[in-house]
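The values are calculated or read from the model by the stated rules, or taken from the named source; none is laboratory data. The shown structure was predicted, so the numbers you read here are calculated from the model rather than taken from an experiment. Positions of Cβ are backbone-derived with ideal geometry, glycine not excepted, and every protein chain shown enters the neighbour counts.
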């Protein structure tokens, strides 16, 4: 039973991201990269790959597409010009902000539904969600 619920949750979250990306005329992969790169940070390609949960060649493909769409730029690192750092362009920052707002509204809607359906208090639901996320961060046994 819990495995089925977790699988359903993963599917619904992925579909939500896909829907949010489509509403903004973005590819799902592009949305993942925009969410992985902070507003004012420069991120190494290996870190982008880690954050999106893909191998480096796939993450590079995602970044290349977003760069072609003028959402990201790749610059050489100051300390090692062979390394490339990824950062958002102005257009990428705007797309990321819109994506985050859609994600925030989706999360609020989910929280509201949980509060109504369960009768739990907001603090109880937030405690559970934090514990759930912490549990997902544990390495596989």
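Cβ-Cβ under 6 Å, sequence separation 6+ or interchain: first residue in segment 124-141 and at negative phi and assigned to a helix (DSSP H, G or I), partner at pLDDT 85 or above and surrounded by 10 or more Cβ atoms within 10 Å (Cβ to Cβ). Which pairs?
That search, which allows pairs on different chains as well, returns 125/114.
Among the listed residues 67, 30, which satisfies the condition of being within 13 Å of the chain's Cα centre (by Cα) and either under 30 Å from residue 111 (Cα atoms) or at pLDDT 95 or above (or both)?
One residue alone meets the criteria, 30.
Hey, can you tell me all the residues within segment 9-26 that are in contact (Cβ under 8 Å) with a residue 12 or more places away in the chain and outside any helix (DSSP H, G or I)?
24, 26
If you take the residues of segment 70-115 that are touching a residue at least 40 places away in the same chain (Cβ under 8 Å) and part of a strand (DSSP E or B), which of them is farthest from the chain's Cα centre (by Cα)?
That would be 84.
Could you list all residues from segment 27-64 that are touching a helix residue (DSSP H, G or I) at 6+ places or on another chain (Cβ under 9 Å) and in a strand (DSSP E or B)?
The answer is 43, and nothing else.
Conditions (1) at pLDDT 90 or above; (2) surrounded by 12 or more Cβ atoms within 10 Å (Cβ to Cβ); (3) at negative phi, marked per residue:
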position: 83; (1), (2), (3): no, yes, yes
position: 89; (1), (2), (3): yes, yes, yes
position: 103; (1), (2), (3): yes, yes, yes
position: 108; (1), (2), (3): no, no, yes
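Scan segment 38-74 for residues that are in contact with a strand residue (DSSP E or B) (Cβ under 7 Å, 6 or more places away or on another chain) and over 24 Å from residue 98 (Cβ atoms) and jot them down.
44, 45
Taking the condition farther than 27 Å from residue 10 by Cα and in a helix (DSSP H, G or I), does residue 67 pass?
yes
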